[in-house]
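Quick notes on the structure that follows.
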Amino acid sequence: MGMTLTEKILARAARRSVVEPGENIWVDVDVLMTHDVCGPGTIGVFKREFGDDAKVWDKEKIVLIPDHYIFTADERANRNVDILRDFAKEQEIKYFYDITDRSNFKANPDYKGVCHVALAQEGHTRPGEVLFGTDSHTCNAGAFGQFATGIGNTDAAFIMGTGKLLIKVPATMRFVLDGELPPYLLAKDLILQIIGDISVAGANYRTMEFAGSTIAAMSMEERMTLCNMAIEAGGKNGTVAADETTFAYLRDRTNKPFEAVYTDTDAKFYSQHHYDVTKLEPVVAKPHSPDNRALARECSDVKINRVYIGSCTGGKTSDFINAAQIIKGHKVKVPTYLVPATQKVYEDLFTQKYDGQTLSEIFLEAGCIEPAAPSCAACLGGPKDTFGRLNEPEICVSTTNRNFPGRMGNKEAQIYLASPYTAAASALTGYVTDPREFLS
């Protein structure tokens, strides 16, 4: 019997020829990522268990990325970054993307922004490897044909000291999406459709493997959106097999060798699901769960207070390009917050053009709020002075990944998850809006 992509990666990492779903195996770790929210706790456990003078297993395989609660006056949030900085210096961590001047993020050449997008942009996401991160959306990196998943502080501390982790091999659910993607749909629509079909528990501790002609035609950033939200269905990880699109993305970002693996034709799957994407429509996830799916056109009577375009899921360059296609030449009816995921995305807003104008020109002429400094910002709520945070019980259409009560701040706020197309269209009407109203 053959193996799936995930099984092959884990077999290699366990130095075995074959593994099967349900087996508990020790794997060698290629990359460990932690950020300002979970980093201090991870460091604390590491020192407690391995000793104050202990050294990490490999100072070039740990990536420290402050990104969550950065641009705030909250002293505890600021202290978290200080702890990362002290640890990076003590351990001589090679990849620490520091920020020291919060008043001007552009004055910090090492600062990147949101960890999941930064990991990809900096070449840390490589096919065939194993990546663990202290963040549930670490599965974002599965778009590169790698095994990537989120873990807790204790597991991360163990990896820091040993470079290994004991995990159970997940069974694989295969999602085959075929057909040319209609011009009004994006990857966010597809993953919300799937989560709505199988529920937030439908993939519990299983791999979600995405394949088919639709996936093959997708950009890396759209594939990242798909894999990013595997966790919203309970998935252990999401994967897309590496191909020339993957290799082209990585060519200028890493010189480290890697070896892609592929699912065998006789691999065994937990389940298989097939979609003809030409038959799908724009969707949203209504409050308060990512699986509370509805067609966007069915929610046209929902009056909103704001739109938020950002996060690891919806704050990439292509997400803003897609939003700009809708917004160009119009005026927004509600406050529209723009939060680029990384410094690179921020720069792209002011250099990349659509139809003769830079993205920032399009957004500012439409009345959007000036693009914020790159970070997670209001996606995880944060301190009350966090940009875009829902401090009142407002209704928001957001390109983020979760809409649980209190996720973006106020516990009474209502969040409608949507694609950049749908978010942009909603900004122009002040209601949840099907983007086909603005796409010819």
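The values are calculated or read from the model by the stated rules, or taken from the named source; none is laboratory data. Computed from a predicted model, the values in this text were never measured in an experiment. Cβ sites come from the backbone with ideal geometry, for glycine too, and all protein chains shown count toward neighbours. All accessible areas refer to the heavy atoms of the entire protein, side chains included, with ligands and DNA or RNA removed. Shrake-Rupley method; radii C 1.70, N 1.55, O 1.52, S 1.80 Å.
List pairs: first residue in segment 351-374 and without any contact (Cβ under 8 Å) to a residue 12 or more places away in the chain, second residue open to solvent by 50 Å² or more (accessible area, probe 1.4 Å) anywhere in the structure, Cβ distance under 7 angstrom, at least six positions apart or on different chains.
Listed by first residue and then by second, the contacts come to T358/F350; T358/T351; T358/Q352; S360/F350; L364/E370.
Can you report the number of residues in segment 223-246 which are touching a residue at least 24 places away in the same chain (Cβ under 8 Å), open to solvent by 10 Å² or more (accessible area, probe 1.4 Å), of a type outside the set (G, A, S) and over 21 Å from N292 (Cα atoms)?
2
Could you please tell me which pairs satisfy a Cβ distance under 6 Å, a separation of 6+ or placement on different chains, a first residue in segment 105-120 that is more than 20 Å from N140 (Cα to Cα), and a second residue that is at pLDDT 95 or above and of a type in the set (G, A, S)?
Sorted first by the residue in segment 105-120, then by its partner, the pairs are F105/A373.
Exactly one of (1) more than 19 Å from the chain's Cα centre (by Cα); (2) open to solvent by less than 40 Å² (accessible area, probe 1.4 Å); (3) in contact (Cβ under 8 Å) with a residue 12 or more places away in the chain is unmet by E412. Its number?
(2)
If we only count helices (runs of 4 or more DSSP H) wholly inside segment 310-364, which ones have 2 or more residues that are in contact with a strand residue (DSSP E or B) (Cβ under 7 Å, 6 or more places away or on another chain)?
Correct list: 317-327, 343-351.
Quick one: what pairs do we get from segment 124-136, first residue of a type in the set (F, W, Y), second part of a loop (DSSP other than H, G, I, E, B), C-beta under 8 Å, 6+ apart or different chains?
Matching pairs, first to second residue: F132/V29; F132/I151.
Quick check on D264: is it acidic (D, E), touching a strand residue (DSSP E or B) at 6+ places or on another chain (Cβ under 9 Å), closer than 27 Å to G212 by Cα and modelled with pLDDT of 95 or more? Give the steps one after another, and end with the answer.
Values: acidic (D, E): yes; touching a strand residue (DSSP E or B) at 6+ places or on another chain (Cβ under 9 Å): yes; closer than 27 Å to G212 by Cα: yes; modelled with pLDDT of 95 or more: yes.
Yes, satisfied.
Determine whether segment 152-161 contains at least one residue that is over 23 Å from K59 (Cβ atoms), in contact (Cβ under 8 Å) with a residue 24 or more places away in the chain and open to solvent by less than 10 Å² (accessible area, probe 1.4 Å). First the steps, then the outcome.
In the first step, residues of segment 152-161 are kept if they are over 23 Å from K59 (Cβ atoms); the result is none.
Scanning segment 152-161, I find no residue that is over 23 Å from K59 (Cβ atoms), in contact (Cβ under 8 Å) with a residue 24 or more places away in the chain and open to solvent by less than 10 Å² (accessible area, probe 1.4 Å), so the answer is no.
Taking segment 256-274, which residues are in contact with a Ser or Thr (Cβ under 8 Å, 6 or more places away or on another chain) and either of a type in the set (G, A, S) or in a strand (DSSP E or B) (or both)?
A260, A267 - these are the residues of segment 256-274 that are in contact with a Ser or Thr (Cβ under 8 Å, 6 or more places away or on another chain) and either of a type in the set (G, A, S) or in a strand (DSSP E or B) (or both).
Quickly run through segment 200-215 and pick out the residues that are touching a strand residue (DSSP E or B) at 6+ places or on another chain (Cβ under 9 Å) and either open to solvent by 10 Å² or more (accessible area, probe 1.4 Å) or closer than 21 Å to V130 by Cα (or both). So that I can check it myself, show each step before the final result.
The initial filter retains those residues of segment 200-215 that are touching a strand residue (DSSP E or B) at 6+ places or on another chain (Cβ under 9 Å), namely 202-203, 205-215.
Of everything in segment 200-215, those that are touching a strand residue (DSSP E or B) at 6+ places or on another chain (Cβ under 9 Å) and either open to solvent by 10 Å² or more (accessible area, probe 1.4 Å) or closer than 21 Å to V130 by Cα (or both) turn out to be G202, A203, Y205, R206, T207, M208, E209, F210, A211, G212, S213.
Enumerate the pairs (first residue in segment 173-191 and within 17 Å of N401 (Cα to Cα) and crowded, with 21+ Cβ neighbours inside 10 Å; second residue anywhere and acidic (D, E) and modelled with pLDDT of 95 or more) with beta-carbon separation below 7 Å, excluding pairs fewer than 6 apart on the same chain, so at least 6 apart or on different chains.
As it stands, the answer is L186/E222; A187/E222, since those pairs meet every condition given.
Name the pairs whose Cβ atoms lie under 6 Å apart, with the first residue in segment 58-86 and under 15 Å from D385 (Cα atoms) and at pLDDT 95 or above, the second in a loop (DSSP other than H, G, I, E, B) and aliphatic (A, V, I, L, M), and 6 or more positions between them or separate chains?
H68/V37; F71/A373
Which residue is surrounded by the fewest Cβ atoms within 10 Å (Cβ to Cβ), if the candidates are limited to segment 286-324 and must be among the basic types (K, R) and under 21 Å from G196 (Cα atoms)?
Taking segment 286-324 and keeping what is among the basic types (K, R), we get 286, 293, 297, 303, 306, 316.
Those still in the list that are under 21 Å from G196 (Cα atoms) too: 286, 293, 297.
Values: K286: 20, R293: 20, R297: 16.
Only one residue fits best here, namely R297.
Within segment 394-430, work out how many residues are over 28 Å from Y97 (Cβ atoms) and in contact with a strand residue (DSSP E or B) (Cβ under 8 Å, 6 or more places away or on another chain).
Adding up the residues that qualify gives 16.
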